[in-house]
Amino acid sequence: MKKILLCCSFLFLTACFSGFNSEVDQPQTSTVSNVYTSQFPDVPIPMLMKADPKNTLTTINSTGEKLGRENFTGSMEASNLAAHMVQNLSAQGWTLIGSMHGEKSLQLYHKETRYLIVFIGVGNFSTAMEVWIVNHIDNFSMPAQGNDAFNLGDLPPAVNSTPINDNFNDFGSDSVF
């Protein structure tokens, strides 16, 4: 009985070891196969991120494009999620315009008639991501006159022309900008 148990243990360990080696030999890359699309068909979302329908708001514009915001939460590390979004959105034809990475991340993309904004933040036990898609407005201009919400009227000239203190070593000193 001991020989059979020993033989089974040996076979089990051999199978585990050979499975471990095959995973190590193959590089793991982020591909479109490990993503899904939720509200926006050309925005691939990692499988580890789950949609939050209670905090999602989408609409369809006059040309039939879906616009709005969709929220996600998941167990994916924020830096890996940011890199994943850059790689897979580029593959979908989105052009990265700019990004900022830190405690929270922001990525801005452009594609045809839309802008895509991706916010990534870390919560207590999960990573949160917001995906916003908005229209690109061609030839948008502010009205020169009128009584509407966008008319700022004549602004007074700048009062303070003192340059901003660029010496960051004075942090906490009594100097005023």
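The values are calculated or read from the model by the stated rules, or taken from the named source; none is laboratory data. Predicted model only: the values in this text are computed from it and were never measured. Heads up, the Cβs are rebuilt from the backbone with ideal geometry, glycines too, and the neighbour counts pull from every protein chain shown. To get the accessible areas, we keep the full protein, side chains included, count just its heavy atoms, and leave off ligands, DNA and RNA. Shrake-Rupley method; radii C 1.70, N 1.55, O 1.52, S 1.80 Å.
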With θ taken as phi - 60° and the coefficients 6.51, -1.76 and 1.60, list the Karplus ³J(HN,Hα) couplings across segment 123-135 in order, rounded to whole Hz; mark glycine and proline as x. x, 5, 10, 8, 9, 10, 9, 10, 10, 10, 10, 10, 5
Computed lengthening from residue 104 to residue 75, 0.36 nm per intervening residue step minus Cα-Cα distance: 8.9 nm
Please give the contour-minus-distance gain from residue 134 to residue 55: 0.36 nm per residue of separation, less the Cα-Cα distance, rounded to one decimal in nm. 26.8 nm
For 119, 125, 40, give the ranking by accessible area with the largest first, probe 1.4 Å. 125, 119, 40
In what sequence, largest accessible area first, do 50, 66, 104, 111 appear using a 1.4 Å probe? 104, 50, 66, 111
What list of ³J(HN,Hα) couplings, whole Hz, do you get for segment 72-78 from phi and the Karplus terms 6.51, -1.76, 1.60, once you set θ to phi - 60° and write x for glycine and proline? 9, 9, x, 9, 7, 4, 4
Which residues qualify? For residue 67, with a placed amide H closer than 5 Å and at least 5 residues away or on another chain, they are 59, 60, 61
Per DSSP, the loop-located chymotrypsin sites (Phe, Trp or Tyr not before Pro) within segment 51-117 having at most 13 other beta carbons within 10 Å are none
So how do 57, 48, 108 rank on accessible area, 1.4 Å probe, biggest first, that is with the largest at the start? 57, 48, 108
